[in-house]
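These notes concern the structure reproduced below.
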Amino acid sequence: MKLYQNEISSATSRVRIALALKGLTAEALPVTILGEDAESRQARYRSVNPQGLVPALLTDSGVLLTQSLAIVEYLDEIQPEPPLLPDTAEDRALARSIALAITAEIHALLPPRIGLHLRATFQADADAVSAWDRHWVGEGMAAVETMIAGRRQGALAVGDRPSIADIFLFPQAISARRLGFDLTQWPNIAEIVARLEAIPAFHENAPAPRK
């Protein structure tokens with residue numbers, strides 16, 4: 001397998017964590033994502049992934065997969081152990097709900113292309129873009145905290161075994177911390193992240209800081 005990726009990308013981090021948990025490997029194909037001239041914005045990479053986003057996974061059979069949630073669930077299907085979804089239908093739905101709350105409602109508003117559009121269309125400066133990011137991260141993480149608190153019955157987001165909920169929560173929480181958020185304002189998230197940081201698959205594949 002080959003993984004089109006960028007180390008600062010929290011979406012890439014999700015897939016790298018899943019690969020590590022599964023004991024799978026993929027050749028890393030770096031793609032730059034920052035700035036107007038980023039490789040992700042160029043026709044060459046758009047021919048790989050029309051959305052111009054990372055990650056994208058080229059399977060051993062030559063099929064290209066996009067969107068981190070789809071890729072993580074694909075990995076769960078081709079390598080069933082350890083499972084990345086909980087045992088019951090209700091808990092599987094909750095884990096997916098948490099993952100989607102992060103990828104579709106928080107992260108979707110934060111990629112570099114959003115900042116570029118805010119600057120080009122609304123003349124937003126760096127402080128305004130940062131304020132935009134902090135607003136959506138703060139609002140979104142507060143909602144995820146409530147989602148977890150209402151149903152939590154184990155050490156992690158959904159039960160005691162790492163699931164797609166944790167795989168999506170961890171990189172977003174690390175990014176939130178780098179934006180200046182104190183995770184302790186979300187006590188369940190803070191406790192879960194502390195536990196996940198002790199698991200090599202998570203802390204070794206956290207998103208890298210922006211330089």
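Name the residues in segment 76-110 that are under 24 Å from Ala20 (Cα atoms), within 15 Å of the chain's Cα centre (by Cα) and of a type outside the set (Gly, Ala, Ser), would you?
Once the filter is applied, which keeps residues that are under 24 Å from Ala20 (Cα atoms), within 15 Å of the chain's Cα centre (by Cα) and of a type outside the set (Gly, Ala, Ser), segment 76-110 yields Leu84, Arg96, Ile98, Leu100, Ile102, Thr103, His107.
Residue by residue through segment 15-54, note down the ones that are open to solvent by less than 50 Å² (accessible area, probe 1.4 Å), closer than 16 Å to Ala201 by Cβ and part of a loop (DSSP other than H, G, I, E, B).
Across segment 15-54, the qualifying residues are Leu24, Ala26.
Just the residues that are open to solvent by 20 Å² or more (accessible area, probe 1.4 Å) and assigned to a loop (DSSP other than H, G, I, E, B), please, taken from segment 155-164. First the steps, then the outcome.
Initially, segment 155-164 is screened for residues open to solvent by 20 Å² or more (accessible area, probe 1.4 Å), giving 155, 159-162.
Once the filter is applied, which keeps residues that are open to solvent by 20 Å² or more (accessible area, probe 1.4 Å) and assigned to a loop (DSSP other than H, G, I, E, B), segment 155-164 yields Ala155, Asp160, Arg161, Pro162.
Condition (residue is within 27 Å of Pro209 (Cα to Cα), part of a helix (DSSP H, G or I) and in contact with a strand residue (DSSP E or B) (Cβ under 8 Å, 6 or more places away or on another chain)) applied to segment 138-147: is it met by at least one residue?
For segment 138-147, residues within 27 Å of Pro209 (Cα to Cα), part of a helix (DSSP H, G or I) and in contact with a strand residue (DSSP E or B) (Cβ under 8 Å, 6 or more places away or on another chain): absent.
Tell me which residues, restricted to segment 93-106, are over 21 Å from Ile174 (Cα atoms) and surrounded by fewer than 18 Cβ atoms within 10 Å (Cβ to Cβ).
Passing the criteria: only Ala93.
Pairs please, first residue from segment 131-143 and within 16 Å of Ile174 (Cα to Cα), second anywhere and outside any helix (DSSP H, G or I) and open to solvent by 70 Å² or more (accessible area, probe 1.4 Å), Cβ atoms under 6 Å, 6+ apart in sequence or on different chains.
So the pair list comes out as Gly140/Glu105.
Condition check ((1) open to solvent by 60 Å² or more (accessible area, probe 1.4 Å); (2) among the polar types (S, T, N, Q); (3) assigned to a helix (DSSP H, G or I); (4) under 23 Å from Leu179 (Cβ atoms)) across all residues:
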{"position": "Leu75", "(1), (2), (3), (4)": "no, no, yes, no"}
{"position": "Leu84", "(1), (2), (3), (4)": "no, no, no, no"}
{"position": "Asp87", "(1), (2), (3), (4)": "yes, no, no, no"}
{"position": "Asp91", "(1), (2), (3), (4)": "no, no, yes, no"}
{"position": "Ala108", "(1), (2), (3), (4)": "no, no, yes, yes"}
{"position": "Leu116", "(1), (2), (3), (4)": "no, no, yes, yes"}
{"position": "Thr121", "(1), (2), (3), (4)": "yes, yes, yes, yes"}
{"position": "Ser130", "(1), (2), (3), (4)": "no, yes, yes, yes"}
{"position": "Asp133", "(1), (2), (3), (4)": "no, no, yes, yes"}
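Mind telling me which of the residues Ile174, Ile192 ends up being in contact with a Pro (Cβ under 8 Å, 6 or more places away or on another chain) and buried (at least 17 other Cβ atoms within 10 Å of the Cβ)? Please lay out each step first, then the result.
Values: Ile192 fails: in contact with a Pro (Cβ under 8 Å, 6 or more places away or on another chain).
Going through Ile174, Ile192 in turn, just one is in contact with a Pro (Cβ under 8 Å, 6 or more places away or on another chain) and buried (at least 17 other Cβ atoms within 10 Å of the Cβ): Ile174.
Which of (1) modelled with pLDDT of 95 or more; (2) farther than 22 Å from Ala194 by Cα; (3) not in a loop (DSSP other than H, G, I, E, B) does Pro80 not meet, given it meets every other one?
That leaves (3) as the condition not met.
Counting only residues that are hydroxyl-bearing (Ser, Thr, Tyr) and within 29 Å of Ala93 (Cα to Cα), which one in segment 55-70 is surrounded by the most Cβ atoms within 10 Å (Cβ to Cβ)?
Taking segment 55-70 as the starting set, the residues that turn out to be hydroxyl-bearing (Ser, Thr, Tyr) are 59, 61, 66, 68.
Next, only the ones that are within 29 Å of Ala93 (Cα to Cα) stay: 59, 66, 68.
Values: Thr59: 15, Thr66: 16, Ser68: 29.
Taking the candidates together, the pick is Ser68.
For the structure I just gave you, tell me whether His203 is surrounded by fewer than 21 Cβ atoms within 10 Å (Cβ to Cβ), under 14 Å from the mean Cα position of the chain (by Cα) and at pLDDT 95 or above. Outline the logic, then answer.
Numbers: surrounded by fewer than 21 Cβ atoms within 10 Å (Cβ to Cβ): yes; under 14 Å from the mean Cα position of the chain (by Cα): yes; at pLDDT 95 or above: yes.
When the stated conditions are applied, His203 passes them.
Pull out all pairs, ordered by first then second residue, where Cβ-Cβ is under 7 Å, the residues are six or more apart or on different chains, the first lies in segment 1-13 and is over 23 Å from Gly62 (Cβ atoms) and assigned to a loop (DSSP other than H, G, I, E, B), and the second is of a type in the set (A, V, I, L, M) and open to solvent by less than 40 Å² (accessible area, probe 1.4 Å).
Glu7/Ala208; Ile8/Ala208; Ser9/Ile33; Ser9/Val54
Does segment 97-117 include one or more residues that are more than 25 Å from Ala190 (Cβ to Cβ) and touching a Lys or Arg at 6+ places or on another chain (Cβ under 8 Å)?
Yes.
The values are calculated or read from the model by the stated rules, or taken from the named source; none is laboratory data. What you see is a predicted model; the values in this text were computed from it and never measured. Virtual Cβ from ideal backbone geometry, glycine too; neighbours counted across all protein chains shown. Note: accessible area is taken over every heavy atom of the protein model, side chains too, but ligands, DNA and RNA are not part of it. Shrake-Rupley method; radii C 1.70, N 1.55, O 1.52, S 1.80 Å.
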